[in-house]
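> Structure incoming, see below.
FYI, it's all coordinate maths here, none of it is from the lab. It should be emphasised that the depicted structure is a prediction, and the values quoted were computed from it without experimental measurement. So basically every Cβ, Gly included, is an ideal-geometry build from the backbone, and we count neighbours across all protein chains shown.
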Amino acid sequence: MVKSLLIILTFFSTITIASAGSIDRCKEYSKLGLPGTHGDLLCRKGHLLSHYATYKTPIWVIEHMTTKKARGTLPRDNKFRPDPDLKKGMRAELADYKGTDFDRGHMAPSADMRWGRQAMKECFYLSNMVPQVGVGMNQGIWKDLEEHVRNWVMNRGELYLFTGPIYDGGIQQTVGKNEVAVPSHLYKIVYDPIKAEAIAFIMPNQKLDSADMPKYIVTIREIEKKAGLDCL
């Protein structure tokens with residue numbers, strides 16, 4: 001279905017990095033530049049993200065996937081944790097998700113981190129999560145998209161991934177004492193630096209049919225507009 005969907009949409013150009021010192025260890029992920037300069041930059045072994053304390057969720061998360069990483073075999077960690085580098089009151093806590101109808105939805109998925117123990121551990125920090133509908137979304141079409149991406153990596157050698165939430169109309173719903181914002185939509189941009197090809201998706205945060213995945217292909221410009229980013 002989506003195997004042949006990776007098409008040319010646009011080209012990335014280098015973006016000026018505002019806080020190079022704070023992301024010096026994440027040059028692998030910031031190589032193409034940053035989608036924005038707002039939020040708290042958090043450099044991780046397997047990803048780079050910008051966290052928005054008001055929403056208690058990431059603004060964007062960048063990964064650089066390679067065939068070597070995609071071949072990783074480490075088991076899923078499954079130990080969700082509040083981010084130790086964010087202060088209480090400025091971050092999501094485990095209790096915020098307890099008793100809700102939402103999954104703790106990874107933006108950088110754990111299956112992408114099977115190549116390194118630290119990468120796996122850090123992807124379970126709640127700074128990498130958003131409240132995401134489970135059945136049919138996090139456990140359905142979104143998971144299927146992530147699997148397609150890993151297959152594309154195996155065929156193409158390397159890909160850069162830009163993933164995050166969209167709050168259409170602002171915060172409409174929150175969960176928990178810390179008022180973690182529930183996104184209306186989620187986006188993912190997949191960029192092939194070798195062929196200079198990209199594909200982008202925006203999906204509503206609701207139960208969807210995986211067979212409809214092609215319907216959610218959009219331009220990168222549309223993601224920029226709706227998420228307030230500058231990806232190129």
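> Filter the trypsin sites (Lys or Arg not before Pro) in segment 61-100 to those in DSSP coil with at most 11 other Cβ atoms within 10 Å of their Cβ, and list the result.
Lys79, Lys87, Lys88, Lys98
> Which residue fluctuates most in the GNM of the chain (Cα springs below 10 Å): Ala200, Ala181, Ala95?
Per the Cα network of the chain with a 10 Å cutoff, Ala95 tops the list.
> Next question. I need to check one value: relative contact order of the chain, counting alpha carbon pairs closer than 8 Å and at least 6 residues apart, in percent.
24 percent
> Out of residues 5 or more away from Val218 or on other chains, whose amide H comes under 5 Å of its own, with H placed 1.01 Å from N in the peptide plane?
Ala200, Phe201, Ile202
> Let me see the pair-distance distribution of segment 68-191: every alpha carbon pair, 5 Å bin width, integer percents in order.
Distribution as computed: 2, 10, 19, 22, 21, 14, 7, 3, 0 percent.
> From the alpha carbon gyration tensor of segment 133-232, can you work out the equivalent ellipsoid semi-axes (sqrt of 5 times each eigenvalue) and give them in Å, largest to smallest?
Semi-axes from the Cα gyration tensor: 24, 17, 12 Å.
> For a quick check: with amide H placed at 1.01 Å from N, whose amide H comes under 5 Å from Leu186's, ignoring anything fewer than 5 positions away on the same chain?
So Leu186 has HN proximity to Ile166, Met203, Asn205.
> Can you give the three extents of the C-alpha atoms in segment 119-183 along their principal axes, from longest to shortest, in whole Å?
Projected onto the principal axes, the Cα atoms of segment 119-183 cover 43, 25, 21 Å.
> If you don't mind, there's one more thing I want to ask. Pull up all non-local amide H partners of Trp60: gap of 5 or more, or a different chain, and H-to-H distance under 5 Å with H placed in the peptide plane.
Counting only residues 5 or more places away or on other chains, the set is Ser50.
> Quick one: putting +1 on the C-beta of Lys and Arg, -1 on the C-beta of Asp and Glu, what dipole do you get for the chain around its Cα centre, in Debye to the nearest 20?
Roughly 660 debye, rounded to the nearest 20.
> How much length is gained if the chain between Glu179 and Glu28 is pulled fully straight, taking 0.36 nm per residue apart and subtracting their Cα-Cα distance, in nm to one decimal?
Gain on extension, Glu179 to Glu28, equals 51.1 nm.
> Using Cβ counts within 10 Å as a stand-in for footprinting exposure, how do His51, His185, His38 rank, fewest first?
Fewest-to-most Cβ neighbours within 10 Å comes out as His38, His185, His51.
> Hey, any idea what Rg/Rh is for the chain, computing Rh the Kirkwood way over Cα pairs?
0.92
> Right, something else. For Lys225, go through the aspartates and glutamates and keep the ones whose alpha-carbon is under 18 Å away, minus same-chain ones fewer than eight residues off.
Asp168
> Still on this structure, I have one more. Between Asn205, Asn128, Asn151, which gets the highest mean-square fluctuation from a Gaussian network model of the chain, Cα cutoff 10 Å?
Result for the chain, Cα springs under 10 Å: Asn151 fluctuates most.
> What's the local net charge at Gln206, with K and R +1, D and E -1, over the other residues with C-beta under 13 Å away?
Result for the local shell: -4.
> With n ≥ 4 as the cut-off for DSSP H runs, can you work out [θ] at 222 nm for the chain, using -39500 (n - 2.57) per run divided by the number of residues, rounded to the nearest 500?
-4500 deg cm²/dmol
> How much length would be gained if the chain were fully extended between Arg117 and Thr73, taking 0.36 nm per residue of separation minus their Cα-Cα distance, in nm to one decimal?
Using 0.36 nm per residue and subtracting the Cα-Cα distance, I get 14.8 nm.
> Still on this structure, I have one more. Connecting C-alpha atoms closer than 10 Å in a GNM of the chain, tell me which of Pro82, Pro165, Pro35 has the biggest fluctuation.
Looking only at Pro82, Pro165, Pro35, the biggest GNM fluctuation is shown by Pro82.
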